[in-house]
C-alpha cells in the first residue's frame, strides 16, 4: 500500500523530470528537471531497500554531477537560444520510429522476462537489504578488483579533465593567458 | 490493492530509457544531450536495482555502484571537452560542431 503510493508519486516525478529535461528550451530548466528525476529515483531506491545506493545517488548525482552541470551551463551562458531546425532530413520521424521500436522491445522483454507482476509468481519474498555494511562487505571482498580499477578510472578522469582544462592552443609559443 | 513488484519498476525504467534516448536524438545542445545520457544511465540503474530485488541478491546494487562511478568520471571528462570546445568555437550546438577540424 505504502509502496504503491510512493511508486505512483515518485514514478510520476521521475517521468515529469525526464520530460522536462528533454523538452525544456532553457538548459537550466533541463538541469532542474534532471534534479527532480534523480531525487525521485533516490526515493524509489529507498523503497527497494537500496539505502546506500539512494544516499550515493543524492550525494554524487544530485549533489556533485548536477552542480557541475549547472556550473558549465552558467559558464557557457544560457542566453543563446537553441536552433530547433532539423539539418538531417526526416530526423523527427526516424527518432519517433526508433523510440517506438525500443519501447516495444523493452515491453516484450519486461513482459516475457521472469519479472513478476504478482508477488506469488516467482518473486523472492525477501528483498535484499542494501545497508552500508552489507554492500561494503560485498564491494571489498567479492568485487575488490573492480573497486581498484574504479580508483584507477577516477584518477585517469581527473588527470584527463585537468589536461583538457589547461590545454594551450600552440605549445610552441605559449601565451600568457 | 495491487502490490508493486519488480515488473513495475522495469516498466518505469524502460520508459525513462526511451525518454533519454529520444532526448539525445532530438536535442542540439551538447549539455542537454549529456543530461539525457544521464537519464539513460539512471534508467539502467533502476533496472539493476529491480532485477537484484527480483533475484533476491545484492549484486544489482553493486552494479549500480560501479555505473555511478563510471557516470561521474564520464561527466567530468565530457564537460571538460564541452568547455574546451566552447572556448575555441564559442558554441555548444552539435550542428555547428559537425566538422572535426578546429
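Things worth noting here:
- Any hit, the stretch B:80-95, residues being assigned to a loop (DSSP other than H, G, I, E, B), surrounded by 18 or more Cβ atoms within 10 Å (Cβ to Cβ), in contact with a helix residue (DSSP H, G or I) (Cβ under 8 Å, 6 or more places away or on another chain) and in contact (Cβ under 8 Å) with a residue 40 or more places away in the chain: yes
- Single match in A:128, A:89 (criterion: surrounded by 19 or more Cβ atoms within 10 Å (Cβ to Cβ), outside any helix (DSSP H, G or I), more than 22 Å from the chain's Cα centre (by Cα) and modelled with pLDDT under 90): A:128
- For residue B:57, the criteria (1) outside any helix (DSSP H, G or I); (2) modelled with pLDDT of 85 or more; (3) over 20 Å from residue A:145 (Cα atoms) hold in every case but one, which is (3).
- Sole residue being crowded, with 23+ Cβ neighbours inside 10 Å and touching a residue at least 12 places away in the same chain (Cβ under 8 Å), chosen from B:68, B:39: B:39
- Just one residue in the set A:13, A:36, A:63 is assigned to a helix (DSSP H, G or I) and either without any contact (Cβ under 8 Å) to a residue 12 or more places away in the chain or at the interface with another protein chain (Cβ under 10 Å from one of its Cβ atoms) (or both); that residue is A:63.
- The set of residues in the stretch A:104-125 that are modelled with pLDDT of 75 or more and in contact with a helix residue (DSSP H, G or I) (Cβ under 6 Å, 6 or more places away or on another chain) contains only A:106.
The values are calculated or read from the model by the stated rules, or taken from the named source; none is laboratory data. No experiment lies behind these values; they were computed from the predicted model shown. In this analysis, Cβ positions are derived from the backbone assuming ideal geometry, glycine residues included, and neighbour counts consider all displayed protein chains.
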